[in-house]
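The values are calculated or read from the model by the stated rules, or taken from the named source; none is laboratory data. Please read all numbers here as calculations on a predicted model, not as lab measurements. Neighbour counts are summed over all protein chains in view; Cβ atoms, including those assigned to glycine, are modelled from backbone coordinates with ideal geometry.
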Amino acid sequence: MIAILERIDEYRTVLESYSARLLPCVKWEPAPRGNVTAPDDTADFYRFFAATPHAEFLYGDARGTPSSTRSGREKANSQSSGIKR
């Protein structure tokens with residue numbers, strides 16, 4: 001978690017890569033303590049979305065390396081083949 005906080009701007013960008021496109025489609029209302037609520041059913045927007053950028057960021061964060069240094073495919077290939085790049 002501390003590593004995410006150290007890279008909070010990059011993490012925010014990753015999260016917004018999906019949510020910014022979705023915002024115009026979701027009705028939301030302010031709620032207490034700075035939160036928001038979505039009174040309509042929005043589950044389908046989040047159930048099966050392409051979370052590759054999110055997973056790559058978290059994977060890179062867990063390994064202690066920025067996700068932007070290599071693509072997810074390069075990471076997967078080097079791990080599965082045992083080849084270090």
Contact list, first residue from the stretch 38-58 and closer than 23 Å to Ile4 by Cβ, second anywhere and in a helix (DSSP H, G or I) and among the aromatic types (Phe, Trp, Tyr), beta-carbon distance below 7 Å, six or more apart or interchain, is Phe49/Tyr18; Phe57/Tyr11
Here the residues within the stretch 32-51 that are of a type in the set (A, V, I, L, M) and surrounded by 10 or more Cβ atoms within 10 Å (Cβ to Cβ) are Ala38, Ala51
Expected single match for among the hydroxyl-bearing types (Ser, Thr, Tyr) and at pLDDT below 90 among Ser17, Ser68 is Ser68
For the stretch 1-51, the count of residues that are on the phi < 0 side of the Ramachandran plot and assigned to a helix (DSSP H, G or I) equals 29
